[in-house]
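Engineer: Dropping a structure here in structure tokens format, bear with me for questions.
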Amino acid sequence: MANPEAPRDPGTKTEAIPGRAPQELGDKLKARMQQELEEHLDARMAKRPAETPAPEATASHPWLVIESGPDKGRSFPLAANEITIGRAPDNTIFLPDPTVSKRHVKIHRAGPGYEIEDLGSRNGTLLNGKTVSREMLSEGDRLTIGTTTLRYRAAT
């Protein structure tokens, strides 16, 4: 009997499950994982609060308005001193996009305005089409995170 802790010979083939090709099993696993991800995102989307009023309706705080991407039309007031945007559900603004990092960007108060700070994201953060690591936001700025573009609307 072979020692289970002994190193395997690189020429040794692993045993397959009878009647199943390894590729078939991989495809089934991928399909199941995709289904579970979609179910998780569907459940997360169902728990979202009611739509926030448009910035024109309440302009006491600056706003971020999603102009393109899966959540086009949603808007978020910047009422807190700091918000985070990312793929993880615990962010202030949750973007279910695989090209967005779990904690992608932070927006925080800086003097009379707001500053954006990339949190070391893998795909970067664009402000008006240019890659930024930290920058003050101005009225009308376009922020691109993954496939989502948001517009910054300053308080009036």
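The values are calculated or read from the model by the stated rules, or taken from the named source; none is laboratory data. Bear in mind the structure is a predicted one, so any value in this text is a computation, not a measurement. Backbone-built Cβ (ideal geometry, glycine too); neighbour counts: all protein chains shown. Accessible surface areas use protein heavy atoms only, side chains included; no ligands, DNA or RNA. Shrake-Rupley method; radii C 1.70, N 1.55, O 1.52, S 1.80 Å.
Engineer: Going by what's in this entry, would Leu95 be described as open to solvent by 50 Å² or more (accessible area, probe 1.4 Å), under 12 Å from Leu150 (Cβ atoms) and among the hydrophobic types (A, V, I, L, M, F, W, C)?
Structural biologist: Criteria not met by Leu95.
Engineer: For the range 86-112, name all the residues that are closer than 19 Å to Ala155 by Cβ and in contact with a strand residue (DSSP E or B) (Cβ under 8 Å, 6 or more places away or on another chain).
Structural biologist: Passing the criteria: Thr92, Ile93, Ile107, His108, Arg109, Ala110.
Engineer: What number of residues in the range 62-103 are within 25 Å of Leu37 (Cβ to Cβ), part of a loop (DSSP other than H, G, I, E, B) and in contact (Cβ under 8 Å) with a residue 60 or more places away in the chain?
Structural biologist: 3
Engineer: So Gly124 passes all but one of these: (1) over 11 Å from the mean Cα position of the chain (by Cα); (2) open to solvent by 30 Å² or more (accessible area, probe 1.4 Å). Which condition number does it fail?
Structural biologist: The one condition Gly124 does not meet is (2).
Residue-by-condition table, conditions (1) touching a Cys at 6+ places or on another chain (Cβ under 9 Å); (2) crowded, with 18+ Cβ neighbours inside 10 Å; (3) of a type in the set (A, V, I, L, M, F, W, C); (4) modelled with pLDDT of 90 or more:
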site: Pro53; (1), (2), (3), (4): no, no, no, no
site: Ala57; (1), (2), (3), (4): no, no, yes, no
site: Phe76; (1), (2), (3), (4): no, yes, yes, yes
site: Gly86; (1), (2), (3), (4): no, yes, no, yes
site: Pro89; (1), (2), (3), (4): no, no, no, yes
site: Ser101; (1), (2), (3), (4): no, yes, no, yes
site: Lys106; (1), (2), (3), (4): no, yes, no, yes
site: Gly111; (1), (2), (3), (4): no, no, no, no
site: Glu117; (1), (2), (3), (4): no, no, no, yes
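Engineer: Hey, another quick one. In the range 134-150, which residues are over 14 Å from Ile85 (Cα atoms) and either open to solvent by 30 Å² or more (accessible area, probe 1.4 Å) or in contact (Cβ under 8 Å) with a residue 24 or more places away in the chain (or both)?
Structural biologist: Scanning the range 134-150 gives Arg134, Glu135, Met136, Leu137, Ser138, Glu139, Arg142.
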